[in-house]
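Have a look at the structure below, then the notes.
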Amino acid sequence: MDQPDYFDRTYQLGRLSQVPVWDVIVIGGGATGLGIAVDAASRGYKVLLLEQADFAKGTSSRSTKLVHGGVRYLAQGQIKLVYGALHERGILLQNAPHLVRKQAFIIPCYNWWEKLKYLAGLKLYQILSGRFSFGKVGFVKPKDLTGVLPGLSTKGLKGGVRYYDGQFDDARLAIHLAMTAGERGGTLLNYCKVMRLTTTEGRVTGVVAMDMETKEEYTLQSKVVVNATGVFVDDILKMEDPDARPLVRPSQGVHLMLKKYFLNSDSALMIPQTSDGRVLFAVPWHGHVLAGTTDTLMEKHLLEPRALEAEIAFILDTMKTYLVEPPKREDVLSVFAGLRPLAAPKEDGHATKEISRDHKLFVNGSGLVTITGGKWTTYRKMAEETVDKVIEVGGLEAVGCRTKELRIHGCCMPESDEHLAVYGTDGRAIKVLMEDAPVLVSRLVDWLPYTEAEVVWAVRREMARTVEDVLARRLRILFLDARAALIAAPRVAELMAEELGYNKEWKTEQLKDFNRLASGYLPAPAKN
């Protein structure tokens, strides 16, 4: 437990007064911003990352939990995009094997043409991955499918095509990236909101940021400022130019969490073409089944988006065709929505599948660097390109990228399937914590493995500041089972108050806020 306090929030706040001019300030603590902080810190630059809420509060904790090249992008002919993502997938497995694992997927085939089409396409997918291949593509005979996917309906099936991709825990990776950047000298703060940009002779030279806990403001200077705020990218652009044309159009993706019973397999189901021409997954994740996603263009962006009734119904209706016992609305344990920052079309009326999934990096006239688009799988490459641009814009001494071989915090080969495996090397420290304080061995809820020790660890070592931080992103209980999260919340609030030195009023307010939040993860009863 004698680790340095580099990721203690008080320590990080103290660093704000120690650096007169930063090399780069990164706005946004999602996948892209954290990747940039890791890249810049590993090159030796003085980097500060500011996040208005918690790390990965938005889109970056609400993905389909896949590290993949994008099978459907291959079908659209975006071979370069897929090739790059597949190689990044391999690099991520190499650098974070405690968080990324190989996952088998089955595509059901209902005629021989589908069999040939999917086999050919996925063979190309495998070839494009080169030495980073996750496994060989093959055909599964109809008689063997019941053993591979017991929950799959075999009515009309001619067999299935098996391929391999990657799966991960998105929010856990985000926290470990933040810790990786901190270990290399980066300064990172959650709940520190950029209120405005500062300029000198028409150039962006820093930011004014507010600590959302104390409401204290900080004026911070930097050679370069990077806007990596995902769906909020236009808000930052408008700070510099109120007339800036919108760069992003948010697309909402919804996921439902179900009991493992409905799929009852270590393999995932991939539905290649739903009724609206999209892709749907049912993936085993943390002892449950994650079903999704939707793809709905939205007019507004929110920090806490809500699933639309039509999106929930669409996922449930699609599952009816493929599962022996399809889930009903009352079987949904949790429902969550995330917003993807898609590049806005120049003309209205575009479907989301026609809007680019690739990222966009540019510098405006004031020197503000903006990066948007992309996906979790390609975060490292996006960060590399962004820091290269930062060097150019800021006139920094050129240092090459080091993240291809950089091991992410906690990196180790998992020794078991226990839930502490996602902590990597930190799992051992959590076990020591439980040995030193046996009372912390207690589970937060009886039917899930998460312990009180993990709450204490999240506060002491992972900068968790609220009950939501713990139950949504340090542990994944809110996403796995919203009712379980509501049961666990009072004990989590008690443990956090003890660690942070807060009073009864803080606990009361925290529980009020969390109960309001968690109610949005419970699907409303079906309307008669």
| request: Identify the single condition in (1) hydrophobic (A, V, I, L, M, F, W, C); (2) within 23 Å of Lys102 (Cα to Cα); (3) surrounded by fewer than 20 Cβ atoms within 10 Å (Cβ to Cβ) that Leu297 does not satisfy, given that it satisfies every other one. | output: (2)
| What is the number of the single condition among (1) touching a residue at least 60 places away in the same chain (Cβ under 8 Å); (2) in contact with a helix residue (DSSP H, G or I) (Cβ under 7 Å, 6 or more places away or on another chain); (3) not basic (Lys, Arg); (4) not in a loop (DSSP other than H, G, I, E, B) that His301 does not meet? | (4)
| said: Given the criteria of a type outside the set (Gly, Ala, Ser) and touching a residue at least 24 places away in the same chain (Cβ under 8 Å), does Glu454 qualify? | reply: yes
| task | Would you check if Tyr502 is in a loop (DSSP other than H, G, I, E, B), more than 30 Å from Val283 (Cβ to Cβ) and among the hydroxyl-bearing types (Ser, Thr, Tyr)? | result | yes
| request: Pick out the one residue from Tyr521, Tyr502 that is aromatic (Phe, Trp, Tyr), surrounded by 16 or more Cβ atoms within 10 Å (Cβ to Cβ) and either at pLDDT below 95 or in contact with a helix residue (DSSP H, G or I) (Cβ under 8 Å, 6 or more places away or on another chain) (or both). | output: Tyr521
| So is Gly90 closer than 24 Å to Asp358 by Cα and surrounded by fewer than 24 Cβ atoms within 10 Å (Cβ to Cβ) or not? | yes
| message | For the stretch 224-273: of the residues being at pLDDT below 90 and within 24 Å of the chain's Cα centre (by Cα), which is surrounded by the fewest Cβ atoms within 10 Å (Cβ to Cβ)? | response | Pro246
| note | Those strands (runs of 3 or more DSSP E) completely within the stretch 177-228 that have 1 or more residues that are farther than 18 Å from Val369 by Cβ, in the same structural domain as Gly35 (by TED's automatic domain parsing) and without any contact (Cβ under 8 Å) to a residue 60 or more places away in the chain are 192-200, 203-211, 217-227
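Rundown of residues vs (1) of a type outside the set (Ser, Thr, Tyr); (2) closer than 18 Å to Asp170 by Cα; (3) not in a loop (DSSP other than H, G, I, E, B), yes/no style:
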| position | (1), (2), (3) |
| --- | --- |
| Thr370 | no, no, yes |
| Ala383 | yes, yes, yes |
| Thr386 | no, no, yes |
| Val422 | yes, yes, yes |
| Lys431 | yes, no, yes |
| Val445 | yes, no, no |
| Ala453 | yes, no, yes |
| query | Which of the residues belonging to the stretch 229-275 are assigned by TED's automatic domain parsing to the domain that holds Leu308 and in a helix (DSSP H, G or I)? | reply | Lys260, Tyr261, Phe262
| request: Could you figure out which of (1) in a loop (DSSP other than H, G, I, E, B); (2) under 30 Å from Glu454 (Cα atoms) isn't true of Gly374? | output: (2)
| remark: Checked the stretch 153-174 for anything over 18 Å from Phe134 (Cβ atoms) and in contact with a Gly (Cβ under 8 Å, 6 or more places away or on another chain); matches are Ala174
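On the given criteria, is Met413 in a helix (DSSP H, G or I), surrounded by fewer than 24 Cβ atoms within 10 Å (Cβ to Cβ) and on the phi < 0 side of the Ramachandran plot?
No.
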| All positions within the stretch 358-400 that are farther than 17 Å from Gly230 by Cβ and of a type in the set (A, V, I, L, M) | Val363, Val387, Val390, Ile391, Val393, Leu396, Ala398, Val399
| task | Among the residues of the stretch 186-204, write down those that are in contact with a strand residue (DSSP E or B) (Cβ under 8 Å, 6 or more places away or on another chain) and surrounded by 19 or more Cβ atoms within 10 Å (Cβ to Cβ). | result | Gly186, Thr187, Leu188, Leu189, Tyr191, Cys192, Val194, Leu197, Val204
| Filtering the stretch 10-42 down to residues that are over 26 Å from the mean Cα position of the chain (by Cα) and of a type in the set (D, E, K, R), which residue is modelled with the highest pLDDT? | Asp23
| request: Keeping to the stretch 122-140, report how many residues are aliphatic (A, V, I, L, M) and either exposed (fewer than 15 other Cβ atoms within 10 Å of the Cβ) or touching an Asp or Glu at 6+ places or on another chain (Cβ under 7 Å) (or both). | output: 2
| task | Examine the stretch 167-182 for a residue that is at positive phi and in contact with a strand residue (DSSP E or B) (Cβ under 9 Å, 6 or more places away or on another chain), and state whether such a residue exists. | result | no
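Residue by residue, here is whether (1) at pLDDT 95 or above; (2) surrounded by fewer than 22 Cβ atoms within 10 Å (Cβ to Cβ); (3) of a type outside the set (A, V, I, L, M, F, W, C) holds:
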| site | (1), (2), (3) |
| --- | --- |
| Ala437 | yes, yes, no |
| Arg443 | yes, yes, yes |
| Met463 | yes, no, no |
| Leu478 | yes, no, no |
| Arg483 | yes, yes, yes |
| Ala493 | yes, no, no |
| Thr508 | yes, yes, yes |
| Asn515 | yes, yes, yes |
| query | Picking from Leu448, Leu511, which residue would you name as being farther than 27 Å from Ala429 by Cβ, among the hydrophobic types (A, V, I, L, M, F, W, C), in contact (Cβ under 8 Å) with a residue 24 or more places away in the chain and not assigned by TED's automatic domain parsing to the domain that holds Ala181? | reply | Leu511
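Just wondering, is there one or more residues in the stretch 405-428 that are more than 22 Å from the chain's Cα centre (by Cα) and touching a residue at least 40 places away in the same chain (Cβ under 8 Å)?
No: zero hits.
The values are calculated or read from the model by the stated rules, or taken from the named source; none is laboratory data. Everything numeric here is computed off the predicted structure, so don't read it as measured data. A quick note on method: Cβ atoms are made from the backbone with ideal geometry, for glycine too, and the neighbour counts reach across all protein chains shown.
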